[in-house]
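The block underneath contains the structure these notes are about, expressed in C-alpha cells.
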C-alpha cells in the first residue's frame, strides 16, 4: 500500500504486521497510479444496563432492552483510495483522493448508508529537503496515537448513545485515551528523515468550538457550553518524532495543537492549546505503547468539543492509554489496552451538570491473519462514563467479531 494513504491504510500497517504492503499499481504515461484500501464489517453486541449517561459520555444507554445488535464497520472505515505519483524537475509530486462508504443502515429504503470523503490533497518535495502537503488529510496532533491504536483494525467503543448500526465508523479508542486527529484542511511541511528524526509543522483550517450535544457524542441531557468561531485566524499543529531500528525498535514522538477561539461570549477570545507525548517499542514479538496528552480549551473526544463553559472559560482536559500486544506462533496478535480521557469542571454549574468527567475503556482483542491481506478480528471492550453530577454514570460491554481485508 502506498505510503501516501498513511492516514488510513498504511496507518493500519502500524497496528498489524500482517497487513499486505502493496496496493494495485499501474503506469499511466508519466504517472504511477496506486489503488488501495480495505473493506471491513463486524457483528457487534452492545450490552448496557443504564438508562442515562453523561453528556459527552461514551458508554451507551439501553433502550427497549439491555442489548443492541448491529452489523457495522469498525474504527477504520471501508476505504477506496487513489494516489498518483510522478517525478518532474527533480520534484516528487503526488495527488491523493479517497472515498469511505458506509456499511450499515437501520431502516428499509435507506440506500447504501452514509459516505465520507476524508482525503483530497497533493504533495511535492524531495528527500533532500522534505515535502509539502496541501489539502485535506488526517490532522497532525493525535495522529500517531490513533495509528498505533490496536482497535484501528477493530471496533472499540461504538460512541453513539442509544444507536446500533447506521454509522460510517465506530470510535475505537477515540475519547478514551486520545483526542481525534480528524480530517483537516492544511498546508504542512515535513522535514527529510534525519537519521530517524522527523519534524512536521502545519497551518490548519480553524474550527469552531462545540458542545457534546451538537455531534455524534450526545448525552441524555444537554449541557450548555460557550461556542465560538475562529475563521479569522489559522490553527497550528506540529509533531516531532524519532524512530530507530534493530532488535529493540521503536519510536518516540511529541506534538502540539494551538488555535485561537473567538466570539465565545461577545467578543471574548481564548487560545486552545494541547501537548502530547508517546512511545512505541517492539522487541521480539512484543509491542508496547504508552501515550498521554494535556490541554486547555481543547475539550474531549473531538478537538474543541466541550472545551469552554458558558462564561467562555477554558476547561482543562487530559488523558492517555497504555497497550501491549504479542504475536503468538500462529501469527495471531493478542492485545490488551486501557485508556482514559478526563474533562475538568470549571464552576458550580459544571460540578452539578450532566457533563462527562471521565471516559475509560479496557479492550482485549485477537487479530488473526487468515491471509497476508485478510484479518479476522474479535474484541471485547468495557466502556465507562462518569459524570460531574451524581446520577449519570454508565457502563457498556461491547463484543464484536468480523473481518477486514486490505488491497
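With the structure loaded, tell me whether residue 201 is in contact with a strand residue (DSSP E or B) (Cβ under 6 Å, 6 or more places away or on another chain) and at pLDDT 95 or above or whether it fails that test. Yes: the conditions hold for residue 201.
When region 265-320 is filtered for residues that are more than 22 Å from the chain's Cα centre (by Cα) and in a loop (DSSP other than H, G, I, E, B), the ones remaining, listed by number, are 265, 266, 267, 268, 284, 285, 309, 310, 311, 312, 313.
With respect to the conditions (1) assigned to a strand (DSSP E or B); (2) over 21 Å from residue 149 (Cβ atoms), residue 212 lacks only one, and its number is (1). Residues in region 229-245 that are closer than 22 Å to residue 145 by Cβ, assigned to a strand (DSSP E or B) and free of Cβ contacts under 8 Å to residues at least 60 places away in the same chain: 235, 236, 240, 242, 243, 244.
With the structure loaded, tell me whether residue 219 is under 24 Å from residue 144 (Cβ atoms) and either at pLDDT below 70 or crowded, with 17+ Cβ neighbours inside 10 Å (or both) or whether it fails that test. For residue 219, the condition - under 24 Å from residue 144 (Cβ atoms) and either at pLDDT below 70 or crowded, with 17+ Cβ neighbours inside 10 Å (or both) - is not met. Take residue 324 and tell me if it is in a strand (DSSP E or B), in contact with a strand residue (DSSP E or B) (Cβ under 6 Å, 6 or more places away or on another chain) and at pLDDT below 95. No, not satisfied.
Sort out which residues of region 186-197 are part of a strand (DSSP E or B), surrounded by fewer than 18 Cβ atoms within 10 Å (Cβ to Cβ) and touching a strand residue (DSSP E or B) at 6+ places or on another chain (Cβ under 6 Å), and write them in order of number. Across region 186-197, the qualifying residues are 187, 189, 197. Return yes or no: is residue 17 closer than 26 Å to residue 334 by Cβ, within 20 Å of the chain's Cα centre (by Cα), modelled with pLDDT under 50 and surrounded by fewer than 18 Cβ atoms within 10 Å (Cβ to Cβ)? Judged against the criteria, residue 17 is a match.
So that you can scan it fast, the table gives a plain yes or no per residue for (1) out of contact with any helix residue (DSSP H, G or I) (no Cβ under 8 Å at 6 or more places or on another chain); (2) touching a residue at least 24 places away in the same chain (Cβ under 8 Å); (3) surrounded by fewer than 17 Cβ atoms within 10 Å (Cβ to Cβ); (4) within 21 Å of residue 178 (Cα to Cα):
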residue	(1), (2), (3), (4)
267	yes, no, yes, no
277	yes, yes, yes, yes
281	yes, yes, yes, yes
295	yes, yes, no, yes
311	yes, yes, yes, no
318	yes, yes, no, yes
325	no, yes, no, yes
329	yes, no, yes, no
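In region 246-259, the residue that is farthest from residue 310 (Cα to Cα) out of those that are out of contact with any helix residue (DSSP H, G or I) (no Cβ under 6 Å at 6 or more places or on another chain) and touching a residue at least 40 places away in the same chain (Cβ under 8 Å) is 251.
Applying the condition of being touching a residue at least 40 places away in the same chain (Cβ under 8 Å) and surrounded by fewer than 18 Cβ atoms within 10 Å (Cβ to Cβ) to region 283-293 and asking which residue is nearest to residue 171 (Cα to Cα) yields 286.
Screening 23, 57 for residues that are in contact with a strand residue (DSSP E or B) (Cβ under 6 Å, 6 or more places away or on another chain), more than 30 Å from residue 131 (Cβ to Cβ) and at pLDDT below 95 leaves exactly one candidate, 57.
Of all the criteria given as (1) within 23 Å of residue 385 (Cβ to Cβ); (2) modelled with pLDDT under 85, the one not satisfied by residue 69 is (2).
Is it fair to say residue 331 is under 19 Å from residue 40 (Cβ atoms) and more than 19 Å from the chain's Cα centre (by Cα)? Yes.
Within region 376-389, not a single residue is more than 24 Å from residue 285 (Cβ to Cβ), surrounded by fewer than 17 Cβ atoms within 10 Å (Cβ to Cβ) and in contact with a helix residue (DSSP H, G or I) (Cβ under 9 Å, 6 or more places away or on another chain). Could you tell me whether any residue of region 56-71 is within 22 Å of the chain's Cα centre (by Cα) and surrounded by fewer than 24 Cβ atoms within 10 Å (Cβ to Cβ)? So far as region 56-71 goes, yes, one or more of its residues are within 22 Å of the chain's Cα centre (by Cα) and surrounded by fewer than 24 Cβ atoms within 10 Å (Cβ to Cβ).
The values are calculated or read from the model by the stated rules, or taken from the named source; none is laboratory data. Since the structure is predicted, the reported quantities are computational estimates derived from the model, not experimental observations. With ideal geometry, Cβ positions are generated from the backbone for all residues, glycine too; neighbour counts draw on all protein chains shown.
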